[in-house]
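Remarks on the structure that follows.
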Amino acid sequence: MSNTPFTVRPLDPFADAELVHGWVTHPKAAFWLMQEASLPDVEREYMAISAAEHHDAFIGLHDGTPAFLMERYDPSKVELVGLYEAEPGDVGMHFLVAPTDTPVHGFTRAVITAVMETLFADPATERIVVEPDVRNTAVHALNEAVGFVPAREIAKPEKNALLSFCTRAQFEAAVAVGVAK
């Protein structure tokens, strides 16, 4: 499914706020930690990300329709400062698939694959770093499917997280296995 036409564009904090608000406050987005956010809260959050030097947000499109939210950050400057030994080429990532009443089998895996392809398209990216909530077993399985290897649990102010890493070689090997299945 990675041949499905996925594209990403920068998130516009104002034009996209209503769309993103519906996604991040949906019950399926509980681990995004914005369940109680108001529309102005979402605007403020993504205005701050848009203005940040080391954090970017994108809307992911599937066949031209908004389908997911993707964030890229420098884990040596935000999110994970002091929580692990950052290496050159590390890129932090968050992603959230838009809620739907008609789930498509394999879609979320296709989205995370597209996110990883997008991040690894930058030759400076050596390794992708994630820190999902330790209780988010669904995303742990998805991460493993695209090559992430858990390192350890870390305590962040907002959650206990499972710090995991994926190199370009690990991703390519995992995708090759996934295609063979």
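Has region 34-46 got at least one residue that is of a type in the set (Ser, Thr, Tyr) and assigned to a loop (DSSP other than H, G, I, E, B)? Yes: region 34-46 contains one or more residues that are of a type in the set (Ser, Thr, Tyr) and assigned to a loop (DSSP other than H, G, I, E, B).
Condition first: under 14 Å from ARG168 (Cβ atoms) and at pLDDT 95 or above. Can you find one or more residues in region 91-111 that meet it? Within region 91-111, one or more residues are under 14 Å from ARG168 (Cβ atoms) and at pLDDT 95 or above.
Inspect region 157-180 for any residue being among the polar types (S, T, N, Q), open to solvent by less than 40 Å² (accessible area, probe 1.4 Å) and assigned to a helix (DSSP H, G or I) and give the result as yes or no. No, every residue in region 157-180 fails to be among the polar types (S, T, N, Q), open to solvent by less than 40 Å² (accessible area, probe 1.4 Å) and assigned to a helix (DSSP H, G or I).
For residues that are within 19 Å of SER76 (Cβ to Cβ) and in a loop (DSSP other than H, G, I, E, B), scanning just region 133-156, find the one that is farthest from the chain's Cα centre (by Cα). Working first, answer last.
Initial filter on region 133-156 (within 19 Å of SER76 (Cβ to Cβ)): 148, 151-152, 154-156.
Still in the list and also in a loop (DSSP other than H, G, I, E, B): 148, 156.
On the way: PHE148: 13, LYS156: 17 Å.
Per the stated criteria, the residue is LYS156.
Restricting attention to region 56-93, the residues that are in contact (Cβ under 8 Å) with a residue 24 or more places away in the chain, assigned to a strand (DSSP E or B) and either more than 26 Å from PHE165 (Cβ to Cβ) or open to solvent by less than 40 Å² (accessible area, probe 1.4 Å) (or both) add up to 16. Search region 149-160 for residues that are at negative phi and touching a residue at least 24 places away in the same chain (Cβ under 8 Å) and pair each with any residue that is in a strand (DSSP E or B) and open to solvent by 80 Å² or more (accessible area, probe 1.4 Å) when their beta-carbon atoms are under 6 Å apart and the residues are at least 6 apart or on different chains. The qualifying pairs are ASN160/GLU153. Taking the stated definitions as given, is ALA37 open to solvent by less than 30 Å² (accessible area, probe 1.4 Å), touching an Asp or Glu at 6+ places or on another chain (Cβ under 7 Å) and over 25 Å from CYS166 (Cβ atoms)? No, not satisfied. If the condition is being without any contact (Cβ under 8 Å) to a residue 60 or more places away in the chain and aromatic (Phe, Trp, Tyr), then region 99-148 contributes PHE120, PHE148. Within region 157-181, the set of residues being of a type outside the set (D, E, K, R) and within 18 Å of the chain's Cα centre (by Cα) comprises ASN160, ALA161, LEU162, LEU163, SER164, PHE165, CYS166, THR167, GLN170, PHE171, ALA174, VAL175.
The residues of region 115-125 include none that are open to solvent by 10 Å² or more (accessible area, probe 1.4 Å), touching a strand residue (DSSP E or B) at 6+ places or on another chain (Cβ under 7 Å) and of a type outside the set (Ser, Thr, Tyr).
The values are calculated or read from the model by the stated rules, or taken from the named source; none is laboratory data. Quantities reported herein were computed from a predicted structural model and do not represent experimental measurements. Positions of Cβ are generated from backbone atoms using ideal geometry, with glycine treated the same way; all protein chains shown enter the neighbour counts. Side chains included, ligands, DNA and RNA excluded: accessible areas come from the protein's heavy atoms. Shrake-Rupley method; radii C 1.70, N 1.55, O 1.52, S 1.80 Å.
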